[in-house]
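Asks: One structure follows; several queries about it will come next.
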Amino acid sequence: MAKRIHIARNIMAAIAGFGFTTFAVGAFYAWSAAGQHGWSDLGYSWLALDYWSQLHEWKEGLAGAGLTFTLACIADLLTKKISAGRWIQTITSLAGRPTVCLVFLFVAYGLAPMAAKLTQPDAPANSPNVLFVLIDTWRADHAGFLGYQRPVSPGLDRLVAEGAVFETGVAQSGWTKPTVATLFTGLIPSLHGAVSQPIPGMKVHGTELPPDRTTFIEILRANGWDTAMWSNNPNILPHHGFAQGAGYFRSFVGESVGERFDAGRAEWMLPEVAAWLAERDSARPFCAYVHLMDPHYPYVAPKPFAGTFDQSGLDFQLNGTVIGEFLDGKRNIESVTPAMLQRIVDIYDEELLYIDYYLAPFLESVRQNFPNTIIVLVGDHGEEFLEHGQFGHGHSLYEELVHVPLV
């Protein structure tokens, strides 16, 4: 009977060890992050507590639980005459009490979130909300409000008439990661450092946005805004450093819906954003970043948008492999006929028409439900359609790639 009691006590002690380890590791990670980000120097010390409140280091907690249980069992086998045995038995006996176990679990999972919520700064009175919507691979000359004659953006054209249009919006790069890092930090790529793609098996400099580069999302979070991010771009993810300051981050990368279309399409992503806006605490202003990927190749708009412009019957399509083969000379650009090129432009425009259909009503609803909101609508780069002998983006800085819409 005594042995059973010891086993039960040791299990409770292990749970307490789990809570203590989770708490201690979370505190260490938060302290380390504060130093890396320079939050104290910036006056944003609260972000360390906010960061801690989002950590749930269960793997380290399980390791602490296993160590505690092992030590408790070893102590049971040691004679009380051995000093170490007495000390371990005393500690595990105390930790094995249900009350102590519950206290450590609260410390692990409740203390930091409660403290963060109670100490979060208040934004200045009447502060506006910020909604930042980025449409990936959006050429400026394929936006109706910038002069494109084909009706690919009728809804946005109507909305934009009530905004400020920057006719010469110039992206800081011809691909996503450096451009978005600039938009987030206000630094040119050579200063923010997020300039490279990771290569499996190789250590590549510049694949992440460094933690000491402060983003506008961090600034607003530290000053009382609720912040959230949604991304379907594999470059704009937490492990690349782009979740800095995000109270909530939703990645759609790799998720699928049905047989063909991914979960990050506008028709799936925007309702989730709307739900977050509706459910959050309205006493605080919000800052939301939404990264829409639909116009990025491959261009496969769903019905009824597919076939709106392209009725060629051709199956020529762009993707990373095809574009790489053209760039490497493995495919001959001269083999691309005018009909093939026109198909690429047409199916690209169908993606723009698709995103307009879902994005324009979403923006209208935000303006109606949250009138005190600054909405930023921008592209990160364009796309080349053989204007300079290639397809795609990321390989040059021609007008087609760096002139983007900005509203």
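The values are calculated or read from the model by the stated rules, or taken from the named source; none is laboratory data. Predicted model only: the values in this text are computed from it and were never measured. Every residue, glycine among them, receives a Cβ derived from its backbone with ideal geometry; neighbour counts consider all protein chains shown. Remember, those area values only see protein heavy atoms, side chains included, never the ligands or the DNA or RNA. Shrake-Rupley method; radii C 1.70, N 1.55, O 1.52, S 1.80 Å.
Asks: Relative contact order (percent) for the chain, with alpha-carbon contacts under 8 angstrom and 6 or more residues of separation?
Replies: Values: 675 pairs, mean separation 87.6, N = 407.
Dividing the mean separation by the residue count of the chain yields 22 percent.
Asks: How big is the antiparallel share of DSSP beta bridges in the chain, given as a percent to the nearest 5?
Replies: Values: 8 of 31 bridges.
Expressed as a percentage, antiparallel bridges in the chain total about 25.
Asks: Give a quick list of GluC sites (Glu not before Pro) in the range 294-400 that DSSP marks as loop, anything other than H, G, I, E or B, with at most 16 other Cβ atoms within 10 Å. Present the calculation step by step, with values, prior to reporting the outcome.
Replies: Values: sites: E325, E334, E350, E351, E364, E383, E384, E387, E399, E400; in loops: E383, E387.
Here the sparse-neighbourhood loop sites are E387.
Asks: Further, regarding this structure: May I ask you to derive the relative contact order of the range 199-358, considering only C-alpha pairs under 8 Å and at least 6 residues apart, and to give it as an integer percent?
Replies: Details: 183 pairs, mean separation 34.7, N = 160.
The normalised contact order for the range 199-358 reaches 22 percent.
Asks: Also, quick follow-up: Of [x] 22.6; [y] 24.3; [z] 25.3, which is the value of Kirkwood radius over Cα pairs in Å derived from the coordinates here?
Replies: Working out Kirkwood radius over Cα pairs in Å from the coordinates points to [y].
Asks: Please give the FRET efficiency for L62 paired with Q390, using the beta carbon to beta carbon distance and R0 = 41 Å, rounded to the nearest 0.05. Numbers along the way, then the final one.
Replies: Working: r = 51 Å, r/R0 = 1.24.
That pair, L62 with Q390, gives E of 0.20.
Asks: Can you work out D for the range 118-178 in µm² s⁻¹ from Stokes-Einstein, where Rh is the Kirkwood radius over C-alpha pairs, the temperature is 37 °C and the viscosity is 0.692 mPa s? Mind dumping the intermediate values first?
Replies: Values: Rh = 14.7 Å.
The estimated diffusion coefficient comes to 223 µm²/s.
Asks: Sketch the reach of a paramagnetic label on D212 as a point 7 Å from Cα along Cα-to-Cβ, and name the residues of the range 33-67 whose backbone nitrogen lies under 17 Å away.
Replies: In the range 33-67, the label zone of D212 (backbone N under 17 Å from the point 7 Å along Cα→Cβ) covers 33-44.
Asks: Using 0.36 nm times the number of residues separating T321 and V300, minus their current alpha carbon distance, what extension gain do you get?
Replies: Numbers: separation 21, 0.36 × 21 = 7.56 nm, distance 1.60 nm.
That pair, T321 and V300, stretches by 6.0 nm at full extension.
Asks: Oh, and also: Looking only at A266, A16, A75, which one moves most when the chain is put into a Gaussian network model with springs between Cα atoms under 10 Å?
Replies: Top of the fluctuation ranking is A75.
Asks: Along the positive direction of the dipole of the chain (beta-carbon charges: Lys, Arg +1; Asp, Glu -1; about the Cα centre), which of S251, M114, Q197 reaches farthest?
Replies: M114
Asks: Follow-up question, since we're still on this one. Extending each Cα 7 Å along its Cβ direction at Q36 and W276, get the distance between those two points in nm, one decimal.
Replies: 2.2
Asks: Set the Förster distance to 51 Å, then compute FRET efficiency between N332 and Q368 from the Cβ-Cβ distance, nearest 0.05. Please report the intermediate quantities before stating the final value.
Replies: Details: r = 52 Å, r/R0 = 1.02.
Result of the calculation: an efficiency of 0.45.
Asks: Additional query: In square angstrom, rounded to the nearest 10, how much accessible surface does W268 have for a 1.4 Å probe?
Replies: Near enough 110 Å² of accessible area.
Asks: Calculate the dipole size of the range 109-261 relative to its Cα centre from +1 charges on Lys and Arg beta carbons and -1 charges on Asp and Glu beta carbons; express the result in debye to the nearest 20. The partial results should precede the final answer.
Replies: On the way: 10 positive and 12 negative charges, 48 e Å.
Its charge dipole is roughly 240 debye.
Asks: State, to one decimal in nm, how far the label point of Q54 lies from the label point of E267, with both points 7 Å from Cα in the Cβ direction.
Replies: 3.1
Asks: Using a Gaussian network for the chain with springs between C-alpha atoms less than 10 Å apart, which of these wobbles most: F252, F316, F132?
Replies: Between F252, F316, F132, it is F316 that shows the largest mean-square fluctuation.
Asks: Let me ask another. Probe 1.4 Å, all protein chains in place: accessible area of R331 in Å², nearest 10?
Replies: About 100 Å², rounded to the nearest 10.
Asks: Right, another one. Quick check for you: with a 1.4 Å probe and neighbouring chains kept, what is the accessible area per residue of the chain, in Å²? Spell out each step's value before the answer.
Replies: Numbers: 20010 Å² over 407 residues.
Accessible area per residue, the chain: 49 Å².
Asks: With a 1.4 Å probe and all protein chains kept in place, how much accessible area does M269 have, in Å² rounded to the nearest 10?
Replies: Near enough 0 Å² of accessible area.
Asks: As a test of reading the structure, rank K177, K330 by solvent-accessible area (1.4 Å probe, protein chains only), most first.
Replies: Details: K177 0, K330 160 Å².
Largest to smallest exposure gives the sequence K330, K177.
Asks: Leaving ligands and nucleic acids out of the surface, order I199, I375 by accessible area at 1.4 Å, largest first.
Replies: On the way: I199 80, I375 50 Å².
Largest accessible area first, the list is I199, I375.
Asks: Still on this model: Using a 1.4 angstrom probe on heavy atoms only, work out the carbon and sulfur share of the accessible area of the range 271-365 in %. All intermediate terms of the calculation are to be shown ahead of the outcome.
Replies: Working: 2250 of 4310 Å².
For the range 271-365, the apolar C and S fraction of the accessible surface comes to 52 percent.
Asks: In addition: What is the ratio of the Cα radius of gyration of the range 247-393 to 2.2 N^0.38 Å, with N the residue count, to two decimals? Can you show the working numbers first?
Replies: Working: Rg = 18.2 Å, N = 147, 2.2 N^0.38 = 14.7 Å.
In units of the 2.2 N^0.38 Å rule of thumb, it is 1.24.
Asks: While we're here: If I take R0 = 41 Å and measure r between the Cβ atoms of D122 and L314 in this structure, what FRET efficiency does the formula 1/(1 + (r/R0)^6) give, to the nearest 0.05? Walk me through the intermediate numbers first.
Replies: Working: r = 58 Å, r/R0 = 1.42.
E(calc), rounded to 0.05, equals 0.10.
Asks: Putting +1 on Lys and Arg Cβ atoms and -1 on Asp and Glu Cβ atoms, find which of H56, S40, P338 reaches farthest to the positive end of the dipole of the chain.
Replies: H56
Asks: Where is the GNM fluctuation largest for the chain (alpha-carbon springs, 10 angstrom cutoff): I344, I91, I188?
Replies: Checking each option, the largest mean-square fluctuation is seen for I91.
Asks: Can you work out D for the range 315-407 in µm² s⁻¹ from Stokes-Einstein, where Rh is the Kirkwood radius over C-alpha pairs, the temperature is 20 °C and the viscosity is 1.002 mPa s? Could the numbers behind the result be given before it?
Replies: Details: Rh = 15.5 Å.
The estimated diffusion coefficient comes to 138 µm²/s.
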